[in-house]
1. Expressed as an acute angle from 0 to 90° and rounded to the nearest 10, what is the orientation of the C-alpha long axis of helix 52-68 relative to the principal long axis of the chain?
2. Restricting things to alpha carbons, find the Rg to Rh ratio for region 76-180 using the Kirkwood radius for Rh.
3. Among DSSP beta bridges lying fully in the chain, give the percent that are antiparallel, nearest 5.
4. Quick one: what Rg and Dmax do you get for region 119-266 from the alpha carbons, in Å?
5. Starting at the first residue of region 186-202, write each ³J(HN,Hα) from the Karplus equation 6.51 cos²θ - 1.76 cosθ + 1.60 with θ = phi - 60°, in whole Hz, x for Gly and Pro.
6. Net charge within 9 Å of D76 by Cβ-Cβ distance, Lys/Arg positive one each and Asp/Glu negative one each, not counting D76 itself?
7. Report the residues of region 118-141 in range of a label on R149: point 7 Å along Cα→C-beta, backbone N strictly under 15 Å from it.
8. Going by average Cβ density within 10 Å per residue, which order do the peptides 168-176, 138-146 take, highest to lowest?
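What follows is calculated from the coordinates using simple rules that are stated; it is not laboratory data. These figures come from a predicted structure and were not determined experimentally. Using ideal geometry, Cβ is built from the backbone for each residue, glycine included, and neighbour counts are taken over all protein chains shown.
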Amino acid sequence: MSSILSGLEAFLAAHDAVALVEVAEAKGSTPREEGAWMLVSAEAIFGTIGGGQLEFLAIDKARELISLNQASGALDIPLGPEIGQCCGGRVALSISLLDAEKRAELVARAWARDSERPHVYLFGGGHVGHALAEALDLLPLYVSVVETRAEALEGLPDGVEAKLTALPEEAVREAPATSAFVVLTHDHSLDFLIVAEALKRGDAAYVGMIGSKTKRETFRRWYLKEAGGSEKDAARLVCPIGGSDVIDKRPAVIAALTTSQILAALA
C-alpha cells in the first residue's frame with residue numbers, strides 16, 4: 001500500500017521549514033481539484049498540485065515565504081498561454097508555513113485519508129496475482145493476497161498483506177463493505193466458490209475472475225443451478241478481468257488493464 005502518512009511523516013522529519021500549498025479554488029479545467037495539496041521545503045517537495053508552470057510558480061512562492069519567514073501568501077493563476085498551460089481554468093492557491101499545530105493537523109488528515117482507503121482482495125498468488133499486487137501496491141489502496149499455498153505468498157511487495165488460509169471464502173465474508181474482489185486461483189472450482197461468496201454479499205464494488213468467455217458461461221450455469229444465484233447477480237461478474245479487447249495476455253498487461261477496471265469501480 002502506498003501510504004500518504006508514512007511519506008508525510010518522513011518528509012516532515014527531514015525538513016524544519018515547510019510550506020503548505022493548497023488548491024483553495026479551482027474553476028473550469030484544472031490539473032487538480034479543490035483541496036489538493038503539496039509541501040515545499042527549501043530543498044524538496046512532497047505531493048503535487050498538478051505539475052507544470054502552475055506548480056513551479058507555487059514552489060517559487062512557497063520558498064519565498066520560507067526565506068522571508070512570512071506566515072502566509074496566495075496566488076491566483078489563470079491557466080492560459082501566459083504561463084504556457086492550456087487547461088483554460090483558473091486556480092487560487094493558499095500558501096502557509098507549517099507550525100507545530102498545522103503539522104499535527106496535516107498528519108491527522110493524512111491518517112484519516114489512509115484509514116478510508118478501499119480494500120482490494122486478490123485470491124491467488126500466481127503470476128497474474130503477483131503482477132496485480134505489484135501494480136495495486138503503488139496506489140492508495142489496502143491490498144491483500146489470499147492463498148491456500150504458503151509458497152505462493154513469497155515475494156509480495158512489502159505493502160501488500162499476505163493471508164494464508166485453508167478457507168479463502170472466509171476472507172470474503174470478513175471484508176469491509178464496498179471492497180473489490182479479484183479471483184485468480186489455481187483451481188476453477190475454488191474460483192467459483194469464492195466468486196459466489198463475493199456476489200452473495202451484494203455490496204462489493206468489483207467482483208472479477210480471471211478466465212475466458214467460456215469460463216464465465218460455465219460459472220453462470222453452475223451459479224444459477226448449483227449455488228442458487230440469480231441472473232442479476234451473475235451479470236455483476238467481470239470475466240475475463242481486464243477485458244477482451246487487448247490480445248496480449250502477459251501478466252503485467254492483464255494487471256494493468258485490471259487495475260484500471262478496479263479503480264473505475266471503486267471511484
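1. 50 degrees
2. 1.20
3. Here the antiparallel bridges make up roughly 55 percent for the chain.
4. Reported Rg and Dmax, both Å: 13.9, 41.
5. These are the phi-based 3J(HN,Hα) values: 8, 9, 4, 5, 5, 3, 4, 5, 5, 4, 4, 5, 5, 5, 4, 4, x Hz.
6. 0
7. Inside the label zone: 123-131.
8. The most tightly packed comes first, giving 138-146, 168-176.
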